[in-house]
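Please read the structure below before turning to the comments.
None of the figures in this text is laboratory data; all of them are computed from the coordinates on show. These numbers were taken from a predicted model, which means no experiment stands behind them. FYI the Cβ positions are ideal-geometry reconstructions off the backbone, even for glycines, and counts take in every protein chain you see.
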Amino acid sequence: MTAFLLAGPVASFILANTPPPEFNPDTVTPGPAGFVAIFFIAAMVVLLGFDLNRRIRRNTYRAQIKERLAAEIAANAAGDADDPASPGQQTPGQQTPGQQTGQ
């Protein structure tokens with residue numbers, strides 16, 4: 001209990017005997033080193049943003065191409081299943097219009 005009674009006067013003694021600051025807190029600036037550090041961080045953030053955008057765009061294009069290929073394969077499979085002789089291909093013995101038999 002006596003520690004609490006002594007804490008007030010000790011704290012006020014310490015605060016009263018603290019030397020005044022040697023600098024004006026209103027005029028303290030980071031200087032050129034701080035500017036270079038913040039500029040470096042900002043440049044890295046911008047470059048990371050460009051890299052992120054490039055990677056996202058690349059993945060989007062890959063997904064679109066996969067969808068197109070899957071749709072094309074499905075269309076080819078559906079066309080082959082419906083008609084064994086797909087359009088443009090001839091079965092043996094089949095004649096195209098305008099083709100004459102050897103008479």
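Add +1 for every Lys or Arg and -1 for every Asp or Glu among the other residues with Cβ under 15 Å from the Cβ of I65, and state the total.
Around I65, the surrounding residues sum to +3.
Extension gain N53-K66, at 0.36 nm per residue separation less the Cα-Cα distance, in nm?
2.7 nm
In nanometres, what is the gap between the two model label sites at V46 and A11, each 7 Å from Cα along Cα-to-Cβ?
4.8
Could you go through the range 32-40 in sequence order and give the Karplus-derived ³J(HN,Hα) for each residue, using 6.51 cos²θ - 1.76 cosθ + 1.60 with θ = phi - 60°, rounded to whole Hz, and x for Gly and Pro?
x, 5, x, 4, 5, 5, 5, 4, 4
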